[in-house]
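*Asks:* Here you go, one structure.
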Amino acid sequence: MKNSKNNYSAAQRWYNIKRRFLYQVKKQKRVLINIIKTPQGIVGTFIIAGLILCALAGPWITPQDPFKIVIANRFAPPSFKYLLGTDFLGRDILSRIIISTRVVVPISLSVIAIIIIVGMTSGMVAGYYSNTIVEKIIIWMFDSINTFPGIILVLTLAAIVGSSSKIVLILLMSLWRFPGYGRIVRVETLSVKEEVYIKAAQALGVKEKGILFHHIMPNVIAPIIVLAGMDFGVVTMMLAGLSFLGMGVQPPACSLGRMLQEGYVYIHQSSWMLVGPILALSVVMIGCSLFSAGLRIALNPKESFGR
Amino acid sequence: MESILKDQLVLEIEALSVEYKSRQGIIKPVDNVSLQIRKGEFVGLVGESGCGKSTLALSIVNLLPPNGKIIKGKILLNGNDLLAFSEEEMARQIRGKKITMITQNPHTALNPVFKIGSQMKEILRLHKNNEEVSGKQRRLSYSQGCAKILEEMRIADISRVLRAYPHQLSGGMKQRVITAMAFFCNPLLLIADEPTTALDVTIQAQILELFKGLVKKYSTSILYVTHDLGVVSELSRKALVMYAGEIVEEAKTSNLVKNPKHPYTEALLKCLPSVSKNRLKAIPGRVPDLTSSLEECKFFPRCSYTMSRCKKERPPVLETEPGHRVRCFKYY
Amino acid sequence: MGKYIAKRLVLLIFTLMGVMIILFGMIYLIPGDPAVIMLHQRVNPESKALIIHRLGLDQPMLIRFGRYFWGVLHGDFGVYVMTNRAVLPELLRVLPYTLGLATFAMGISIIIGVTLGILAAFYKDTLFDHIVTVLSTAAVSMVDYVAALILLLIFAVKLDWFPSLGIGERGNIIDQLYHLILPASALAISWVGYIERLVRESLGEVLSSDYIKTARLFGIPKSSIVYKYALRNAAKAVVTVVGLGWGVLLGGAVFIEIIFNRLGLGKSIIQALYSREYFAAQGGILVIVILFVGVVIIVDIICAYIDPRIRLR
């Protein structure tokens with residue numbers, strides 16, 4: 001059943017794709033195991049995994065009801081019942097933190113996914129078609145976005161476009177971050193492009209799309225994976241910052257930034273309102289740093305030699 | 001008179017051992033090495049990569065990396081014990097003045113952000129404040145001093161070189177500049193650690209000619225470290241063969257080449273490609289793991305002349321003929 | 001050298017134009033009449049038409065962009081819609097506070113970060129080095145507003161060592177500096193971490209490079225190695241980070257200014273955004289971007305001076 005398009009039947013093409021995917025997965029498994037070997041990697045992975053678990057398990061693991069208002073118990077310091085104290089409406093802070101991960105983690109993960117995809121594609125295109133108008137335009141786009149200090153860009157866009165919907169938030173933050181990835185990928189592509197196996201593939205008549213995604217991509221992806229690990233934390237921080245200023249996640253949805261803002265407003269009445277979310281954010285950030293450090297060591301064969 | 005001068009020992013190394021601490025254990029790149037170099041002598045040190053020759057060179061000037069230590073032995077320069085010198089004294093009196101060393105890679109040996117002229121003047125200024133520098137150079141200004149020595153290195157267009165940055169010069173040119181810097185103070189000993197490995201063959205020939213001329217003019221002793229037997233056989237008077245941290249054979253070069261005694265030297269000579277042979281020969285086996293401290297001859301796994309004794313003890317040095325020493329049980 | 005500077009300037013002017021196009025275009029990305037968006041619903045229909053005409057909002061987009069660009073070149077950044085006052089003077093009035101904050105923070109981080117970095121590279125692999133490494137990893141994770149909140153909580157509210165709000169009395173430098181300490185420290189913490197790590201890594205790399213080895217072989221003593229040779233080669237990395245960080249600091253100052261209730265460019269921009277004063281917001285952003293771009297040019301020039309390989313290519 002030959003298909004005139006590719007000389008492969010549909011079933012055969014699907015089989016090829018599946019096989020390639022599994023091969024990549026097998027390669028990554030080795031990397032993952034390497035990560036766990038380093039001390040930073042273990043702690044980092046632990047924290048990130050915990051985070052994702054919280055997001056998934058959400059409402060089932062909160063010790064108290066995160067939305068239950070008990071005015072009589074406002075500003076309570078930590079106790080057995082309320083491990084991190086209560087906020088200005090008597091709600092348990094720890095539960096609110098846990099449930100806010102349900103909102104925050106999907107947003108951050110989506111942003112990371114988008115910037116990897118978009119950044120990598122634009123970087124590869126720019127690098128592969130170097131010295132053309134396309135490349136110049138893409139670089140100009142990267143530079144223009146990069147000249148904005150991040151917060152300014154995000155805040156302005158958020159203020160103008162309105163940040164009520166989550167999708168808008170995701171897109172905004174992706175726009176903010178992706179040029180960094182694009183630039184790195186472009187530089188890597190420029191050097192990978194000159195390798196002999198690329199020339200060989202071109203000589204064999206492989207189509208450009210094939211060259212880009214099958215040959216170049218696996219070789220340029222390493223540095224941005226490390227960056228992505230770190231950026232997960234950075235994006236989460238920015239999201240919290242936006243919410244702090246009132247332009248991020250809106251109530252009644254619970255988010256770390258909003259809790260920070262409430263803590264700030266009531267700073268004189270209770271310091272515990274701030275401690276909880278600050279701890280949570282710091283843990284996320286440290287976890288991401290450690291994870292990406294472990295990732296960097298695992299991906300770099302020179303550094304992980306002899307372990 | 002001349003013979004007495006010629007017999008004066010410039011460098012004497014006695015039973016030197018060096019240890020490195022590494023993740024895999026303790027490595028001994030230099031194990032009980034002894035050698036002598038006389039004034040004006042051109043000595044070649046041959047060995048493959050990893051046999052410890054660079055470490056030996058570095059330990060003479062005591063510039064081992066932080067995880068390395070000289071644990072045993074003596075190094076005497078004109079009778080003075082170099083190991084008793086402090087770091088300050090080594091830097092100020094010995095390195096660059098009495099003993100200079102040229103390293104392998106001229107492309108990375110010079111600081112890329114300073115011009116050649118300023119780097120050379122820096123060295124000159126450093127060593128000028130000692131009486132060792134000849135009066136003539138003190139009278140000339142620094143640039144003239146630099147220019148003069150560059151001229152001796154047969155460099156044309158000296159002013160361009162002085163004003164240039166390292167990345168603007170070719171490899172051969174850089175190596176000449178470095179050699180010039182090494183000869184500022186007429187050193188007693190020049191250690192050249194594979195100075196031509198990174199350059200192509202024609203430049204290599206020029207540099208070697210240069211060295212020959214310098215030896216004649218300044219009667220500097222040269223310790224030429226290399227893996228290339230061809231160079232050694234052409235230039236040096238005396239040759240030492242090093243394997244896995246030990247000196248396994250030492251002889252006058254002509255004798256070594258005509259009449260190699262150690263199996264390793266023999267095998268090395270057989271490996272040299274020539275027009276008549278149509279197959280390249282290699283020595284089977286691998287360099288031994290330097291962390292092991294078994295009591296056996298280090299060449300034992302690859303030797304074709306082994307006896308039972310070779311596996312049980314390390315062969316001591318034997319002088320089979322005057323001036324020709326070997327470490328092998330064959331001659332016991 | 002001059003040619004290099006000129007090249008960089010031209011490139012950056014183009015980028016600046018791109019930035020302005022984005023800024024300007026942002027308003028048009030939103031569905032709806034831009035004029036309505038800018039004026040919101042505050043004004044009644046008759047005055048609205050007047051204001052629209054006065055602000056030139058009824059002209060086609062290209063003309064408006066052209067007029068705006070022309071105005072910028074002449075220092076006219078537009079006016080506040082509500083009060084009809086010029087934007088630029090207001091921005092320039094608060095600019096020094098932001099600059100002071102950013103400079104102070106950067107200054108602290110450079111002094112502490114560079115010193116720690118040099119020491120850590122010198123005493124490599126000792127306990128000191130390991131402690132410093134851990135501390136700077138922790139410091140890097142301290143995003144500015146989190147650090148600000150922590151410092152505010154501990155030092156201003158609980159211990160009451162430092163004032164928590166405001167910029168201090170006008171004209172009283174000491175008081176203003178006193179009010180600067182906490183906010184600047186908050187900004188500086190993560191930068192100390194970055195700078196220390198960068199200095200330690202690049203200095204470590206330089207110290208183990210071949211040309212340093214050659215210098216030692218020629219008898220240059222260990223002490224002058226660090227000062228003269230190593231630092232110059234490592235300075236390039238530091239200067240780059242400092243230059244880029246400056247821009248981030250200017251932006252990050254936003255949170256700090258709001259938390260500590262200080263006057264500053266960031267705060268003015270946020271307030272302008274809240275109250276839909278788009279000219280003011282645009283103007284503020286433009287000022288920050290111009291400053292940032294200016295610093296990038298200066299950084300590039302300094303780097304080219306330090307490393308001759310760049311300018312002679």
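The values are calculated or read from the model by the stated rules, or taken from the named source; none is laboratory data. Owing to the predicted nature of the structure, the values given are computational and were not obtained by experimental measurement. Glycine gets a Cβ as well: all are built from the backbone with ideal geometry, and neighbour counts include every protein chain shown.
*Asks:* Looking at this structure, is C:I285 more than 10 Å from chain A (Cβ to nearest Cβ), part of a helix (DSSP H, G or I) and touching a residue at least 24 places away in the same chain (Cβ under 8 Å)? Talk me through it step by step, then tell me what you get.
*Replies:* Numbers: more than 10 Å from chain A (Cβ to nearest Cβ): no; part of a helix (DSSP H, G or I): yes; touching a residue at least 24 places away in the same chain (Cβ under 8 Å): yes.
In short, no.
*Asks:* Among the charged types (D, E, K, R), modelled with pLDDT of 80 or more and not in a loop (DSSP other than H, G, I, E, B): which single residue out of B:K136, B:K148, B:K69 fits that description?
*Replies:* Working: B:K136 fails: modelled with pLDDT of 80 or more; B:K148 fails: modelled with pLDDT of 80 or more.
Checking each option against the conditions leaves just B:K69.
*Asks:* Let me ask something additional. When you go through A:G276, A:G248 one by one, which is the residue that is touching a helix residue (DSSP H, G or I) at 6+ places or on another chain (Cβ under 6 Å), crowded, with 21+ Cβ neighbours inside 10 Å, small (G, A, S) and not in a loop (DSSP other than H, G, I, E, B)? Talk me through it step by step, then tell me what you get.
*Replies:* On the way: A:G248 fails: not in a loop (DSSP other than H, G, I, E, B).
Only one candidate passes the filter, namely A:G276.
*Asks:* To continue, here is another question. Given (1) of a type outside the set (S, T, Y); (2) without any contact (Cβ under 8 Å) to a residue 12 or more places away in the chain; (3) outside the structural domain of B:V18 (by TED's automatic domain parsing), where does B:R176 come up short, assuming only one miss?
*Replies:* Only one criterion is unmet by B:R176, namely (2).
*Asks:* A follow-up question, please. With (1) under 30 Å from C:K267 (Cα atoms); (2) out of contact with any Lys or Arg (no Cβ under 9 Å at 6 or more places or on another chain); (3) assigned to a helix (DSSP H, G or I) as the list, and A:I112 as the residue in question, which single condition is left unmet?
*Replies:* Just one mismatch for A:I112, condition (2).
*Asks:* Is one or more of the residues making up the stretch A:185-201 within 30 Å of C:L16 (Cα to Cα), within 14 Å of chain C (Cβ to nearest Cβ) and buried (at least 18 other Cβ atoms within 10 Å of the Cβ)?
*Replies:* Applying the first criterion (within 30 Å of C:L16 (Cα to Cα)) to the stretch A:185-201 yields A:185-191.
So of that shortlist, the ones also within 14 Å of chain C (Cβ to nearest Cβ) come out as none.
Taking every residue of the stretch A:185-201 in turn, none turns out to be within 30 Å of C:L16 (Cα to Cα), within 14 Å of chain C (Cβ to nearest Cβ) and buried (at least 18 other Cβ atoms within 10 Å of the Cβ).
*Asks:* OK, next. Given the options C:A272, C:A280, C:A237, name the one that is within 11 Å of chain A (Cβ to nearest Cβ) and not β-branched (V, I, T). Lay out the reasoning, then the answer.
*Replies:* Values: C:A280 fails: within 11 Å of chain A (Cβ to nearest Cβ); C:A237 fails: within 11 Å of chain A (Cβ to nearest Cβ).
Result of the check over C:A272, C:A280, C:A237: C:A272.
*Asks:* Determine which single condition C:R232 fails, assuming it passes every other condition in (1) within 30 Å of B:I191 (Cα to Cα); (2) within 10 Å of another protein chain (Cβ to nearest Cβ); (3) over 26 Å from the mean Cα position of the chain (by Cα).
*Replies:* (3)
*Asks:* What pairs come up if the first residue lies in the stretch B:228-242 and is under 10 Å from B:G47 (Cβ atoms) and in the same structural domain as B:G47 (by TED's automatic domain parsing), the second is of a type in the set (D, E) and surrounded by 20 or more Cβ atoms within 10 Å (Cβ to Cβ), and their beta carbons are under 6 Å apart, counting only those six or more places apart or on different chains?
*Replies:* Listed pairs, sorted by first residue: B:L240/B:E250; B:V241/B:E249.
*Asks:* Being within 14 Å of chain C (Cβ to nearest Cβ), part of a helix (DSSP H, G or I) and buried (at least 17 other Cβ atoms within 10 Å of the Cβ) is the requirement here; does B:A180 meet it? Give the derivation first.
*Replies:* Numbers: within 14 Å of chain C (Cβ to nearest Cβ): yes; part of a helix (DSSP H, G or I): yes; buried (at least 17 other Cβ atoms within 10 Å of the Cβ): yes.
So B:A180 passes the test.
*Asks:* Let me ask something else. Could you check the stretch B:313-332 and list, in sequence order, the residues that are closer than 16 Å to B:E296 by Cα, surrounded by 12 or more Cβ atoms within 10 Å (Cβ to Cβ) and not β-branched (V, I, T)?
*Replies:* Within the stretch B:313-332, B:R314, B:P315, B:R327, B:C328, B:F329, B:K330 qualify.
*Asks:* Given the condition farther than 23 Å from B:V241 by Cα and assigned to a loop (DSSP other than H, G, I, E, B), answer yes or no: does some residue in the stretch B:188-198 qualify?
*Replies:* Step one: list which residues in the stretch B:188-198 are farther than 23 Å from B:V241 by Cα, which gives none.
No, the stretch B:188-198 has no match at all.
*Asks:* A follow-up question, please. All but one of (1) touching a helix residue (DSSP H, G or I) at 6+ places or on another chain (Cβ under 9 Å); (2) of a type in the set (D, E, K, R); (3) part of a loop (DSSP other than H, G, I, E, B) hold for A:R186, so report the exception by its number.
*Replies:* (3)
*Asks:* Do we have C:L95 as at pLDDT 80 or above and within 22 Å of C:G251 (Cα to Cα) here? It would help to see each step written out before you state the result.
*Replies:* Working: at pLDDT 80 or above: yes; within 22 Å of C:G251 (Cα to Cα): yes.
Here the answer is yes, as C:L95 does meet what is asked.
*Asks:* Sort out which residues of the stretch C:100-142 are surrounded by fewer than 18 Cβ atoms within 10 Å (Cβ to Cβ) and within 14 Å of chain A (Cβ to nearest Cβ), and write them in order of number.
*Replies:* Within the stretch C:100-142, C:H130, C:T133, C:V134, C:L135, C:T137, C:A138 qualify.
*Asks:* What's the number of the condition A:L157 fails, among (1) over 19 Å from C:I290 (Cβ atoms); (2) more than 7 Å from chain C (Cβ to nearest Cβ); (3) assigned to a helix (DSSP H, G or I)?
*Replies:* Just one mismatch for A:L157, condition (2).
*Asks:* Mind listing whichever residues of the stretch B:95-121 are crowded, with 22+ Cβ neighbours inside 10 Å, out of contact with any Pro (no Cβ under 9 Å at 6 or more places or on another chain) and more than 7 Å from chain C (Cβ to nearest Cβ)?
*Replies:* B:M120
*Asks:* Here's something else I'd like to know. How many of the residues in the stretch C:143-171 are in contact (Cβ under 8 Å) with a residue 24 or more places away in the chain, assigned to a helix (DSSP H, G or I), in contact with a Ser or Thr (Cβ under 8 Å, 6 or more places away or on another chain) and facing another protein chain (nearest Cβ under 10 Å)?
*Replies:* Final tally of qualifying residues: 4.
*Asks:* Please list, ordered by first then second residue, the pairs with beta carbon atoms under 9 Å, 6 or more apart or interchain, first in the stretch A:190-215 and on the phi > 0 side of the Ramachandran plot, second surrounded by 14 or more Cβ atoms within 10 Å (Cβ to Cβ) and among the polar types (S, T, N, Q).
*Replies:* So the pair list comes out empty.
*Asks:* Pick out the one residue from B:K258, B:K281 that is surrounded by fewer than 22 Cβ atoms within 10 Å (Cβ to Cβ), more than 26 Å from B:S17 (Cα to Cα), of a type outside the set (A, V, I, L, M, F, W, C) and within 26 Å of the chain's Cα centre (by Cα).
*Replies:* The match here is B:K258.
*Asks:* Scan the stretch B:8-29 for residues that are over 15 Å from B:E250 (Cβ atoms), touching a strand residue (DSSP E or B) at 6+ places or on another chain (Cβ under 7 Å) and in a strand (DSSP E or B) and jot them down. Full working, then the answer.
*Replies:* Step one: list which residues in the stretch B:8-29 are over 15 Å from B:E250 (Cβ atoms), which gives B:8, B:10, B:17-29.
Applying the additional criterion that residues be touching a strand residue (DSSP E or B) at 6+ places or on another chain (Cβ under 7 Å) yields B:8, B:10, B:17-20, B:26-29.
B:V10, B:S17, B:V18, B:E19, B:Y20, B:I26, B:I27, B:K28, B:P29, listed by residue number.
Here's the yes/no breakdown for (1) in contact (Cβ under 8 Å) with a residue 24 or more places away in the chain; (2) within 30 Å of C:I21 (Cα to Cα):
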| site | (1), (2) |
| --- | --- |
| C:G78 | yes, yes |
| C:L91 | yes, yes |
| C:A105 | yes, no |
| C:A120 | yes, no |
| C:T126 | no, no |
| C:V134 | no, no |
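*Asks:* Being over 20 Å from A:G233 (Cβ atoms) and either of a type in the set (S, T, Y) or within 29 Å of the chain's Cα centre (by Cα) (or both) narrows it down to one of A:G123, A:G119, A:G90, A:G85, so name that one. Write out each step before concluding.
*Replies:* Working: A:G119 fails: over 20 Å from A:G233 (Cβ atoms); A:G90 fails: either of a type in the set (S, T, Y) or within 29 Å of the chain's Cα centre (by Cα) (or both); A:G85 fails: either of a type in the set (S, T, Y) or within 29 Å of the chain's Cα centre (by Cα) (or both).
None of the others qualify; the one that does is A:G123.
*Asks:* Yes or no: the stretch C:172-191 includes at least one residue that is over 27 Å from B:S54 (Cβ atoms) and in a loop (DSSP other than H, G, I, E, B). Before the answer, list the steps.
*Replies:* Residues of the stretch C:172-191 that are over 27 Å from B:S54 (Cβ atoms), as a first pass: C:172-191.
Applying the additional criterion that residues be in a loop (DSSP other than H, G, I, E, B) yields C:172.
Yes - at least one qualifying residue is present in the stretch C:172-191.
*Asks:* Report every pair of residues separated by at least 6 positions or lying on different chains whose Cβ atoms are under 9 Å apart, first residue within the stretch C:202-228 and at the interface with another protein chain (Cβ under 9 Å from one of its Cβ atoms), second among the aromatic types (F, W, Y).
*Replies:* From residues that are at the interface with another protein chain (Cβ under 9 Å from one of its Cβ atoms), the pairs are C:Y211/C:Y229; C:I212/C:Y229; C:A215/C:Y229; C:F218/B:F184; C:I220/C:Y229.
*Asks:* What about A:I170, is it modelled with pLDDT of 85 or more, away from chain C (no Cβ under 14 Å) and under 13 Å from the mean Cα position of the chain (by Cα)? Give the steps one after another, and end with the answer.
*Replies:* On the way: modelled with pLDDT of 85 or more: yes; away from chain C (no Cβ under 14 Å): yes; under 13 Å from the mean Cα position of the chain (by Cα): yes.
It is true that A:I170 is modelled with pLDDT of 85 or more, away from chain C (no Cβ under 14 Å) and under 13 Å from the mean Cα position of the chain (by Cα).
*Asks:* Test C:S209 against the stated conditions and say whether it is more than 30 Å from C:P163 (Cα to Cα), hydroxyl-bearing (S, T, Y) and modelled with pLDDT of 80 or more. Steps first, please.
*Replies:* Numbers: more than 30 Å from C:P163 (Cα to Cα): yes; hydroxyl-bearing (S, T, Y): yes; modelled with pLDDT of 80 or more: yes.
Taking the combined requirement at face value, the residue satisfies it.
*Asks:* Related question: Which residues, taken from the stretch B:215-226, are surrounded by fewer than 18 Cβ atoms within 10 Å (Cβ to Cβ) and assigned to a loop (DSSP other than H, G, I, E, B)?
*Replies:* The answer is B:S219, and nothing else.
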